[in-house]
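Here the structure is laid out as structure tokens; the discussion comes afterwards.
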Amino acid sequence: MSQRLKLEIKALDAVEGQDMVILVSDGLVVPGAAQEWVGAGAQALLTRAAAAERFKGKALAGLTLPSPEGAAYERLIAVGIGPEDERAKLDFVKLGGAIAGRLGAGRSAEIVLALPEGAIEPKQAADIALGLRLRAYAFDRYKTKSKDKDKDEAEPLTVTLRTTDPSALKKAVKITDAIAAGVIQARDLVNEPPNVLFPEEFADRAAKLEKLGVEIEILDEKALKKIGMRALLGVGQGSRRESRVAIMRWNGARKDEQPVAFVGKGVTFDTGGISLKPGAGMEDMKGDMAGAACVVGLMQALAGRKARVNAVGVIGLVENMPDGNAQRPGDIVTSLSGQTIEIINTDAEGRLVLADVLWYTQERFQPRFMINLATLTGAILVALAQENAGLFSNNDELSERLTAAGIATGETVWRMPLGKGYDKMIDSKFADMKNSAGRYGGSITAAQFLQRHVNDTPWAHLDIAGTGMAAANSEINRSWGPGWGVRLLDRLVADHYEG
């Protein structure tokens, strides 16, 4: 991972960088606090250049122009924030990303944090800082040729946030920096190659959260066999890499307060097993652990910002490989819940992992709710493309809160149905249930399978096959692994489960 950004916060009493960034509203209105530093000559130049480029201050649009003679900076960068009456809709995290996209490595930039209508709130400014950090991320640790690049390219971008209240902004940025660190952790995990990030290594990386005060427990195969996680172990039995379950506990509230729980699917590489996937595109299956990556990133974010909540993260880590010892179609396994499962397709493996981990989590920790994340089905891509994660739940309040958090962060979810008719589709002739019901309603029947391993605990399943990996570029992400879900779930906790 490369975080090509050095961020500083200073008072708005000077502008010293090579680039000066100002925020302009619809109609090219320059904030009063920025006018002194821009200078009259630059304002006239901005007006002429904007007319030529048809730049009108639309939100997230930008215009870069050279400074006029005698200016203390080299380039003036104007970034649009749209009309004042739409300011409440402006995504300041995306704004930060849009600004970062106009800055270059090895340069220094000063951002004048002021709006045309007045001062910018510390939370808004901190969100800009979050967007800057997320856009600056690049996963390039295996690119040896980058060492030979121009020296300026290797230098980080230095950004100074100029504000009228540095102390308030520094306090707010401590929170967004913790969230950024969690997202970056999740991105790193998803981007890692599978020969590096196998179950044992994944568990070791999760264990590093101990330095933030997170309690860690790693269950090896001997412990998993003793507990009875036979469905999970069945998935990994064809691999030479041992399976693991990692348990992370952040205790930020009273000891007697019920925890909230997050469960992640962590298939570090998925060949499909005996039901082998096609070769084309199989390399993307290194990302089949994006759910577990999100849980680790979330636990890092909660601990990093010292969230006032008790939270548990549990991730099931396996590698699904074909081998003489691999699980076969037709096998019947007994899950931790005591229910039997007929294996129809060994490529429907994630639900087997989650079945045991969900049951274990609810029985041991008695959480207020459980949310699991998994790159579970290709069917969710057919239904929702990469725009939304599929949301399945047994609880309307939890669903509504997740939906609201998704809208607030841009990590949106779309609720999908559950019902008796779908549940009947996973009945088996030979066991209590089967692990695949075929093509029709594939994401729904997978969710019904999970629900059979959840009792009365409020529960939500997020199918992130379309959002957790192979991400499209956006204002705040240029990475294959986007770290999706960390900001969503952190916002859920912050809005409803702290204090």
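LEU352: within 26 Å of TYR497 (Cα to Cα) and surrounded by 24 or more Cβ atoms within 10 Å (Cβ to Cβ), yes or no? Walk me through how you get there before you give the answer.
Values: within 26 Å of TYR497 (Cα to Cα): no; surrounded by 24 or more Cβ atoms within 10 Å (Cβ to Cβ): yes.
Taking the combined requirement at face value, the residue does not satisfy it.
Could you tell me which residue of the range 185-210 is nearest to the chain's Cα centre (by Cα), considering only residues that are closer than 30 Å to LYS255 by Cα and open to solvent by 10 Å² or more (accessible area, probe 1.4 Å)? Before the answer, list the steps.
Residues of the range 185-210 closer than 30 Å to LYS255 by Cα: 185-186, 202-210.
With the extra rule that they be open to solvent by 10 Å² or more (accessible area, probe 1.4 Å), the set shrinks to 185, 204-205, 207-208, 210.
Working: GLN185: 9, ASP204: 20, ARG205: 17, ALA207: 19, LYS208: 19, GLU210: 21 Å.
In this case the residue turns out to be GLN185.
Which condition does VAL382 not pass, out of (1) within 11 Å of ALA465 (Cβ to Cβ); (2) open to solvent by less than 60 Å² (accessible area, probe 1.4 Å), if it passes all the others?
Every condition holds for VAL382 apart from (2).
I'm trying to understand the selection: among the residues of the range 54-79, which are of a type outside the set (Ser, Thr, Tyr) and crowded, with 22+ Cβ neighbours inside 10 Å? Talk me through it step by step, then tell me what you get.
Taking the range 54-79 first, the residues of a type outside the set (Ser, Thr, Tyr) are 54-63, 65-66, 68-72, 74-79.
Within the range 54-79, GLY57, LEU76, ALA78, VAL79 qualify.
For the range 211-317, which helices (runs of 4 or more DSSP H) that fit wholly inside it have 1 or more residues that are open to solvent by 50 Å² or more (accessible area, probe 1.4 Å) and in contact with a strand residue (DSSP E or B) (Cβ under 8 Å, 6 or more places away or on another chain)?
The helices (runs of 4 or more DSSP H) meeting that bar are 221-227, 230-236.
What residue, among those in the range 1-37 that are among the polar types (S, T, N, Q) and assigned to a strand (DSSP E or B), is most open to solvent (accessible area, probe 1.4 Å)?
Residues of the range 1-37 that are among the polar types (S, T, N, Q), as a first pass: 2-3, 18, 25, 35.
Within this subset, residues satisfying the condition of being assigned to a strand (DSSP E or B) are 2-3, 25.
Numbers: SER2: 27, GLN3: 52, SER25: 10 Å².
The extreme case among them is GLN3.
Within the range 445-460, identify whether any single residue is at pLDDT 95 or above, within 17 Å of the chain's Cα centre (by Cα) and either surrounded by fewer than 22 Cβ atoms within 10 Å (Cβ to Cβ) or within 30 Å of ALA136 (Cβ to Cβ) (or both), and answer yes or no.
No: the range 445-460 contains no residue that is at pLDDT 95 or above, within 17 Å of the chain's Cα centre (by Cα) and either surrounded by fewer than 22 Cβ atoms within 10 Å (Cβ to Cβ) or within 30 Å of ALA136 (Cβ to Cβ) (or both).
Taking interchain pairs and intrachain pairs at least six residues apart, which have beta carbon atoms under 7 angstrom, with the first residue in the range 226-250 and at positive phi and the second open to solvent by less than 60 Å² (accessible area, probe 1.4 Å) and assigned to a loop (DSSP other than H, G, I, E, B)?
GLY228/LEU336
Could you name every one of the strands (runs of 3 or more DSSP E) located completely within the range 367-431 that has at least 1 residues being within 24 Å of PHE269 (Cα to Cα)?
Values: elements: 370-374, 389-393, 413-415.
Counting at least 1 such residues, we get 370-374, 389-393.
Table: residues versus (1) on the phi < 0 side of the Ramachandran plot; (2) of a type outside the set (S, T, N, Q); (3) touching a helix residue (DSSP H, G or I) at 6+ places or on another chain (Cβ under 6 Å).
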{"position": "LEU76", "(1), (2), (3)": "yes, yes, yes"}
{"position": "GLY96", "(1), (2), (3)": "yes, yes, yes"}
{"position": "SER108", "(1), (2), (3)": "yes, no, no"}
{"position": "PRO116", "(1), (2), (3)": "yes, yes, no"}
{"position": "ALA129", "(1), (2), (3)": "yes, yes, yes"}
{"position": "ARG135", "(1), (2), (3)": "yes, yes, yes"}
{"position": "PRO156", "(1), (2), (3)": "yes, yes, no"}
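Is it true that some residue in the range 403-426 is surrounded by 17 or more Cβ atoms within 10 Å (Cβ to Cβ) and of a type in the set (Lys, Arg)?
No, every residue in the range 403-426 fails to be surrounded by 17 or more Cβ atoms within 10 Å (Cβ to Cβ) and of a type in the set (Lys, Arg).
Check GLY466, GLY481, GLY441 and return the single one that is surrounded by 21 or more Cβ atoms within 10 Å (Cβ to Cβ) and farther than 18 Å from ASN372 by Cα. Before the answer, list the steps.
On the way: GLY466 fails: farther than 18 Å from ASN372 by Cα; GLY441 fails: surrounded by 21 or more Cβ atoms within 10 Å (Cβ to Cβ).
Exactly one residue qualifies, and that residue is GLY481.
The values are calculated or read from the model by the stated rules, or taken from the named source; none is laboratory data. None of these values were measured; they are calculated from a predicted model. Methodologically, a virtual Cβ is constructed for each residue, glycine included, from the backbone with ideal geometry; neighbour enumeration extends over all protein chains shown. The area values use the complete protein model at the heavy-atom level, side chains included, leaving out ligands, DNA and RNA. Shrake-Rupley method; radii C 1.70, N 1.55, O 1.52, S 1.80 Å.
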